[in-house]
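Below is one structure; the comments refer to it alone.
Every number in this text was worked out from the coordinates using simple rules, so none of it is lab data. The structure displayed is predicted, hence computed values, not measured ones. Neighbour counts are summed over all protein chains in view; Cβ atoms, including those assigned to glycine, are modelled from backbone coordinates with ideal geometry.
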Amino acid sequence: MSESTHEWWQSAVVYEIYIRSFKDTNGDGVGDLDGITEKIDYLSETLGVDALWVTPFYPSPMADFGYDVSDYRAVHPLFGDLAAFDRLVARAHEAGLRIIVDFVPNHTSYKHPWFTESRSARETARRDWYVWRDPRPDGSPPNNWLSVFGGSAWEWDENTGQYYLHSFLKEQPDLNWRNSALKSAMYDNMRFWLDRDVDGFRLDAVMFMMKDPEERDNPSNEDQAALMHKSLGAYDAQLHHHDQGHPDIHGVFREMRAVLEEYNGPRIALGELHIYDPVRLVAFYGERMDELHMPANFGLLKVPWTAAGVRALVDNLEAALPDGAWANYVMGNHDDQRMASKRGEEESRQAAVLLLTLRGSPTLYYGDELGMREAEVTPNQIRDPWGIAEPHLTRDGCRTPMAWSPSQSAGFTSADEPWLPLSSDWADRNVASQLDDPDSYLSLYRRLLTLRKQSPALRMGTYRALDAGPEQCFVYERMHETERVLVAINFSSEPRSIDLADFHGRIAVSSDRPREGGTVAGSLALGAHEALILV
């Protein structure tokens, strides 16, 4: 790949901003669009990411904190207004940042005007914009499909005497993507934001958009322990063969891609799939690379954290990627435990080196650059609807406010209390405290991102795993033209030695900072859990 054929998203580091928790500018304890605009210099210059993925800011009853949309073409007053959004886009573009907005295509809020009309009578024009079905003869739901958030995926509507489908909360009725008028309306909603100059969409829960047209029962799951996804209780008792991922989804993705290609850019589609088999995952690029630009790859969130486990995941994906496809890697997001809590201090630092040096476009989660940990949220502090129903599954711990300074409320808000409690160690793990500490998480991320910008090999080079060390080490090469970069990661708690007989260079970045700048010739000694980059 050359610079001339390289698209912006193929070298971009995408930074996910959970808008409620990034920066509050009006003192209500909740983050907002102006808060993101205020921190553009931090994102573009201090940290050095390339694109911002902003979670939903649309009008919503907040049954699922914005993933239940009641108006696709407006901004919830909690977050600002359309003028605030336009200011954000303009300021981001001025600073060289791209804006990717979250788009929720599978379902709306039950308070969306479309659903209000749909449930008003069976004969209404928008009745078929949602999935309505008669009960079984005994009055029970049409099939055995389950909601991700618990219970049946079908909700009885007394007014019209039918069930409607909801793959998530009952307040999130599923749209019927087999209705052509619905599809046209949703594509026009995408165009509304493209006309406001967004650079693409992160597409939420897209595997649920197309179900089995015969709506057959799901089979039971006889091997729950083998699932890579975290336990969802009763939901995992089924194999979800029929309530998501029908092959017709490929046609929808091609149509979405065609909408994006109406605009110069390019404008991109990043899809949330939660597929861990690389052969299945890469099918969603499309046979002609005409579907998703990048199916989100969550493999690093679930893989055994060993050299063999991580290498196998990377090598298997590389082997499966068709020509023209570009990988994506995710190490944290708003639905998963914080990386620093999951991996620990040393391993989360090596994870940062891994994420930012693999071939592909990495997605960072806000605060991970500070080593933010999962916050302790007491039962009476839980705000996540899923967590209220199933406290052990609450996602609030990874969604707590960004820590900007050691001042009151971590510089996140002027309110007495933010919407969620701060992480317990915010006084140390904040931007201001880490900026001048050369050994901090933030300093490590800044060095990694700076090197990545300077290195064509890391941005767009080839990948090759090397058999250069003991089993506990993962060593790989990134190459572009004459530039060669080696990455070496020790997954062991003991020092290890690696044979690099053909390599002579220096340590550009290490999770053990004092070693940076040292020369390497022929062999390399790695400290326990150390990860480093050689140039």
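Worth a mention:
- In Å, descending, principal axis extents of the Cα set of the chain: 77, 49, 46
- Per residue of the chain, the DSSP helices (runs of n ≥ 4 H) give a summed -39500 (n - 2.57) that works out to -6000 deg cm²/dmol at 222 nm.
- Under 5 Å, built H, 5+ apart or other chain: amide partners of PHE503: GLY522
- The stretch 113-165 pair-distance distribution - Cα-Cα, 5 Å bins, rounded %: 4, 22, 28, 22, 18, 6, 0
- Size of the stretch 462-534: Rg and Dmax of its alpha carbons, in Å, are 11.3, 35.
- Angle of helix 180-194 to the longest C-alpha principal axis of the chain, folded into 0 to 90 degrees and rounded to 10: 40°.
- Overall form of the stretch 243-347 per C-alpha gyration tensor (a/c, 1.5; a/b vs b/c): prolate
- For the stretch 407-422, 3J(HN,Hα) per residue [Karplus equation, 6.51 cos²θ - 1.76 cosθ + 1.60, θ = phi - 60°, Hz, x = Gly/Pro]: 7, 3, 6, 6, x, 7, 8, 8, 5, 5, 9, x, 5, 10, x, 6
- Sequence-distant residues sharing a close amide H with GLU16 (under 5 Å, placed H): TRP53, LEU364, TYR365, TYR366
- Taking every DSSP bridge with both residues inside the chain, close to 60 percent are antiparallel.
- The local environment of ASP195, defined by Cβ-Cβ distances under 12 Å, has a net charge of 0 under the rule Lys, Arg +1 and Asp, Glu -1.
- Taking N as the residue count of the stretch 31-176, its C-alpha radius of gyration divided by 2.2 N^0.38 Å amounts to 1.31.
- Degrees, to the nearest 10: 307-320 long Cα axis against longest axis of the chain: 60 degrees
- For the stretch 14-22, the Karplus equation 6.51 cos²θ - 1.76 cosθ + 1.60, evaluated at θ = phi - 60°, returns couplings of 8, 10, 7, 10, 7, 4, 4, 10, 8 Hz by residue, with Gly and Pro reported as x.
- Based on Cα contacts under 8 Å between residues 6+ apart, the stretch 113-165 shows a relative contact order of 33 percent.
- Close amide H partners of TRP154, meaning residues 5 or more places away or on another chain with modelled amide H under 5 Å apart, are HIS166.
- For LYS23, the aspartates and glutamates whose Cα comes closer than 17 Å to its Cα, not counting residues fewer than 8 places off in the same chain, are ASP32, ASP34, GLU38, ASP41, ASP81, ASP368, GLU369, ASP396, ASP416, GLU417.
- A simple packing score, the average count of other Cβ atoms within 10 Å per residue, orders the peptides 109-117, 396-404 as 396-404, 109-117, with the highest score first.
- J(HN,Hα) series, the stretch 35-50, from Karplus relation 6.51 cos²θ - 1.76 cosθ + 1.60, nearest Hz, glycine and proline x: x, 5, 4, 4, 9, 4, 4, 4, 5, 8, 9, 5, 7, x, 7, 10
- Partner aspartates and glutamates for LYS211 [C-alpha distance under 19 Å; skip if fewer than 8 residues away on the same chain]: ASP128, ASP134, GLU155, ASP174, ASP236, ASP243, ASP248, GLU255, GLU272, GLU291
- Here the convex hull built on the C-alpha positions of the stretch 396-437 has a volume of 61 cubic angstrom per residue.
- Cα gyration tensor, the stretch 313-445 - rounded (a/c under 1.5), prolate or oblate: oblate
- Taking only the alpha carbons of the stretch 94-213, we obtain Rg and Dmax values of 16.1, 61 Å in that order.
- Given +1 at the Cβ of Lys and Arg, -1 at the Cβ of Asp and Glu and no other charges, the dipole of the chain around its Cα centre is 580 debye to the nearest 20.
- Folded to 0 to 90 degrees: helix 345-355 orientation relative to the chain principal axis, Cα: 80 degrees
- Simple spin-label estimate for ASP315 and ASP439 in nanometres, 7 Å along Cα-Cβ: 3.6 nm
- Shown is the FRET efficiency for VAL303 and ARG133, computed with R0 = 35 Å from the Cβ-Cβ distance and rounded to the nearest 0.05: 0.35.
- Candidate lysines - alpha carbon under 21 Å from LYS111, same-chain residues fewer than 8 apart omitted: LYS170, LYS183
- Sum of side-chain charges, GLY522 neighbourhood, beta-carbon under 12 Å (Lys, Arg +1; Asp, Glu -1): -2
- For HIS293, HIS6, order by how many other beta-carbon atoms lie within 10 Å, fewest first: HIS6, HIS293
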